[in-house]
1. Along the Cα-to-Cβ line of B:Glu189, 7 Å from the Cα, sits a label point; which residues in segment B:27-54 have backbone N less than 14 Å from it?
2. Can you compute the modelled spin-label distance between B:Arg99 and A:Glu29, with each label point 7 Å from Cα toward Cβ, in nm?
3. Using the basic label-point model (7 angstrom from Cα toward the beta carbon), what is the A:Ala574 to A:Ala587 distance in nanometres?
4. Taking the Cβ-Cβ separation of B:Ser66 and A:Leu143 as r and a Förster radius of 56 Å, what is the calculated FRET efficiency to the nearest 0.05?
5. Set Lys and Arg Cβ to +1 and Asp and Glu Cβ to -1, take the dipole of chain B about its Cα centre, and tell me which of B:Ala124, B:Met51, B:Asn33 lies farthest positive.
6. What does the net charge come to around A:Glu147 if you take all other residues with beta carbon closer than 13 Å to its beta carbon, with K and R at +1 and D and E at -1?
7. What share of the DSSP beta bridges in the protein assembly as shown is antiparallel, in percent to the nearest 5?
8. For A:Lys84, give me every one of the lysines with a C-alpha distance below 27 angstrom, ignoring sequence neighbours fewer than eight places off in its own chain.
Amino acid sequence: MIALDTRELKTRFAQAVLPDILNDWEIEEITEPLQDLPNAALHEIFRQITAIWPVSHALCNNFLQAVTQGLTCLHHSQLADWVKAILAAYESGGLHQARQLLERVEETFLCTIRGETGISLAEITGRLQPYATGLAGHPLELLPGPEIYTDTAAVYLPSRIAIFPKQTDNFLLYKLIISFQWAFTAIGTFSLHLPEGSPAITAATQKHRTVFSAESAGLNGFFNLFPEPSVAAHLFHLGETARATSFLHERLPGLMRESGPLFENLARTIPQDPHDSTGEMQRTILLHAAQGSGTGPSAATPFSRLFQGDATSQNSACFAAEAYDRFRDQGKESCPPLIFQGVLRPAEVLAVQRQKRAAAKEQFIEALAAIISAQPPQELPLEKEENEALGAEFPALEGQTAAIIPPEGAGKDLPDTKRQGEKTLEFITIDDSRIDLPDPLKKLAREIVEDLGQIPPQYISSAKQAAGKGVAQGSAPPPQEGEALAGAGLFIYDEWDYRRSGFRKNWCSLAAKKIIPVAGTFVGNTLEKYRGHLIRLKHQFEMMRNQERFVRRQKDGDEIDLDALIEALADIKAGLPPSEELFIRLARDKRNISALFLVDMSSSTEGWVNTAIKEALILLCESLEILGDTYGIYGFSGMRRTRSELFQIKDLTEPYSDEVKGRIAAIAPQEYTRMGPPIRHLTRLLAENDAKIRLLVTLSDGKPEDYDDYKGEYAIEDTRHALIEAKAQGVHPFCITIDKEAHSYLPHMYGEVNYICIDEVGKLPNRIPEIYRGLTS
Amino acid sequence: MKNIAAEEHIITGKPFYLEQAEELHIARTAYNNGLPILLKGPTGCGKTRFMQRLAWELARPLITVSCHDDLSTGDLVGRFLIKGGEAVWMDGPLTKAVRTGAICYLDEIVEARKDTTVVIHPLADDRRELPIEKLGETLTAPPEFMLAISYNPGYQSVLKDLKQSTRQRFVSFEFNYPPPELEAGIVREESGIEQPLAEKLVRLATMTRSLKDSGLQEGASTRLLIHAGKLIKSGIPPRTACKATITETLTDDHEMLAALEEITSSIF
């Protein structure tokens, strides 16, 4: 181990932070902690400094302070991963979060790589989110929350579970919690409805001298009938958990079998205390959960009766009312709820229901209004009688509107779950005209009927009003959410940093801009100048358009290829083996190509290059119009990472109009060449396109370069990576460089086969359409 | 191309089919009135089986053509072939069905090129005739002939939609996954497994179907359930059988596979 001397250390540090230049004393101060480190470690540290320094100088300082400490438990080969984690933390939560990693290497970094800190919600979401959705039959979100509970639209979970030493057990616990929370919704815990005079209500009101009101039928209202609602809620929840256990045994036997040891484990953690009945009940639940329905407790007590398949939430409510007195005194100090049980939050469930109802109402009214306003206006002589008839059948309606549900589903008295889906709302009658509902609206209407029992008449009358006002027709679609985070027309992109083999998150912002077209003689002159060439180009491109062509000499086809047949007959006569390929087939290969052209508008194109590019674009557009491929043209420039600019000259769908010609003529040199962001943006545009072949052609001169540290190797590597990303998304990139000599970095930056170098500007207008032709035929 | 006699297309054993909403009755009535039928619905929900059953009940041969995007008019109507130095005409499946009074079933019609579909137009309206251009001949379909087509509207692609001029010639049937009790019955019957196991398979399928559009393109079809049932019946453990026949079949996405595994392991 040879330690470097101070001077050497300082020189190397000064090199690592270039192009920034620091004072000698500053460097001395910063590098001080590194004095006694071995050379191998220092080498690695300096490599990492090049990655950290451009992100944040303060973070780099902090890193150097902490690195000696860090190296006491890390090997220097782990430094790169550590730095990666630190940078990720910095970019998501700033210096504060990064410091956690810097200062507590053992807990925050090493444990995670050893896999000892349990499992996080983020890790399981990918696997268990579809699981939850599958269970529920509708999207059931998994979200981090302070407590475990469900509001029926989402399940709130701890952001990390580290109860068991084994990861698989922690994962299983997550799965179990989700299953139980779903079960509560599925067994109707939240839809508890206790009519006046039901046993639970009678027991509660008589014992505690409280009065039944309309609200008492629901969960919270019922709990409020007791002097201490929390105790009642606690008991009711236990009862429901017992029911959920039986339910899950029936529905998800595999899960319960797998969780057997886990339940037993949990049961062992409950202290044996004969006075604590809550603990006893929890143990009963866990035992039942572990051993399955066959060995469940006998139906001797009111609690154990809840394990039976026919128990309902009303039974749980009865149990809570009866057992309340016994638990009232000890209830407060009793065991905390079982982990998968979570807590009940009826208020949140109610809020979700209301929200859903409001959203459904709004959607329904809007959709129906659109339909109504699309109906032709009619004279309605029969209105009155019809209304009366309907009014008799649907007394709740306003007499002029009615939602018709086919009677076969409506009349049956089936349990709730079975009735769902059988009612189908086929059409709605408004003022005697029958309006058939399109499928999406039918589905929505069914959901509303499931929720409220019928389509409330005011929904329909509001829709009518909205239709009358023409509101529905004029309403614009909601603004598209995209990656346009920081306001309209601004897109945020990552940038590749080769020094840390990772992305700088959200590093660049790209502004979409429009070019103001200029009127002038440029386009006319160009067309005149290349007149002869243009005729040839158009002819060539017309040849490529052949969407239908006969292919001769096929093994099968629609027609006989007479030439081939005669040849074959001659061959037979001559004693030669005849060919089997005797048919003509009509091949129809429709061109299905989308191409985007990305044009360098940096200041270096000033003069001849700019003119040549513009001429080339005009010729290209003229040729492509013949061919009929979809194509778009964008120019790019900008300065620094926060102001990359993308100029739209023609988007994919826009026709080649005079305005587009004017924009091409208006292309003018701007600032610098940061190639990564525009390539990433156009890749995204192309990825959204469903053409079979997607082509991204860039047109630039020389190296990518920006005002900040985007130059040299960094710029080349980022450009290269952006092109690799494009390929990964199924986009074929092709790069055209206008330069006197083909530089050695080009093959690396663009990839061997994906570029061409044009050494003479004057050749560009002729070459570009040819290159495109070569690429696509 | 080997010429198979139309009689060979006759279905001998009674195909198992559980009627859901009088569709067999309606189809028979359509047949008696010389009307063509259109079956739509997701893959593996019983469209082909329905055709087999119908053909069996009507005691007509069933000639099925699976359409693909290279299917030309010649592939349906017929073409000249060279045999021993002479051009010989060879009937295509559609012509054969018209000549022999069979049922011609064009499966996944939208996969075929649009110009190909047009040849069935004169057959599918009251003319009931098939012009064969190359022979200069027009065949009139006998009353026994029936045309049936199917397609899956779930692809939601503009290109894979049936033209109105085509679809408005048919009596249409919508097929969907049967309700759970019926579906369990079908799975039990077809694969020979016990009722509780069939119910579990159906539960699994229902869960995958609710993942449609949130990660899966399609949910598990009844056909897949029957496959799973058959493997289980032959002694393969349920989880393994479901992995092979359902989860791995539905998706290649690793996270989705893992999620489906979680569902399977919960149920079995």
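Since every read-out is calculated from the coordinates, none of them should be taken as a lab result. This one's a predicted model, so the numbers in the text were calculated from it and none came from an experiment. We place every Cβ from the backbone using ideal geometry, glycine too, and count neighbours over all the protein chains shown.
1. Once the point is set 7 Å along Cα→Cβ of B:Glu189, B:46-47, B:49-54 turn out to lie under 14 Å by backbone N, inside segment B:27-54.
2. Simple spin-label model gives 9.9 nm for this pair.
3. 2.6
4. That pair, B:Ser66 with A:Leu143, gives E of 0.75.
5. It is B:Asn33, whose Cα lies furthest towards the positive end.
6. With Lys, Arg at +1 and Asp, Glu at -1, the neighbours total -1.
7. In the protein assembly as shown, approximately 45 percent of DSSP beta bridges are antiparallel ones.
8. A:Lys10, A:Lys166, A:Lys505, A:Lys711, A:Lys727
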